[in-house]
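The values are calculated or read from the model by the stated rules, or taken from the named source; none is laboratory data. Because the structure is a prediction, the values reported are computed rather than measured. Note: areas computed on protein heavy atoms with side chains; ligands, DNA, RNA excluded. Shrake-Rupley method; radii C 1.70, N 1.55, O 1.52, S 1.80 Å.
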Amino acid sequence: MIYFRRQLRQKVEKRARKGRIIAKSIDLAISLLFAACTGIMGLFFSILYIVLSDSLFAGQSIGKKIVGFRVIDLETGNYCNIKQSVFRNALIALPLIFFFGGIVGMIVGASLLVGVLIFETYLILKIGSFQRHGDMVANTSVIANHPTLETPTLNEQLHEWTQEVVAPLQ
């Protein structure tokens, strides 16, 4: 019985790790599509998407929405907010800034991005908590969607997001 539980847990953990990697790959593909299709402004929107993606759609980037995951705050259980999304994804977005520096910048940025992705993937695969560096910094975790999790309407999300951005400015 214990052996069966251990095997089942290992299968679930393996699937969860793969799902996170697939979700981030989808988000990076969307980001690179932005950058490739629309030039310098696309690169700007690409970085913006990566940094803010986990605060969209109630803690779900497009990749996480497709795979069925969302990001939550470990202290409150609330969905990931803008600040946490920025902290979670800054390490991945920083190498993309080098892409503004011409061909040399692109080579440096691509090299750094590959290094960061290898590091983040290593953490997801090897650390028992399944957290990557960004999760540890932002105190967040990725969880699987569950039917009992109430997803706010788009109107509610926009209102919440606007409050988050405007409130600090007042």
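Results, tabulated for the structure shown:
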{"item": "Linear extension gain, TYR122 paired with ILE66, 0.36 nm per residue minus alpha-carbon span", "result": "17.9 nm"}
{"item": "Where only alpha carbons of the range 98-144 are counted, the Rg and the Dmax (Å)", "result": "13.8, 40"}
{"item": "Over the range 11-70: Kirkwood hydrodynamic radius from C-alpha pairwise inverse distances, Å", "result": "11.8 Å"}
{"item": "Alpha-carbon Rg/Rh ratio, for the range 61-102, with Rh computed the Kirkwood way", "result": "1.11"}
{"item": "Directionally averaged projected area (convex hull, Cα atoms, the range 12-131), nm²", "result": "7.3 nm²"}
{"item": "Within the accessible area of the range 77-122 (1.4 Å probe), percent carbon and sulfur", "result": "81 percent"}
{"item": "Mean accessible surface per residue for the range 15-149, computed with a 1.4 Å probe while every protein chain stays in place, in Å²", "result": "51 Å²"}
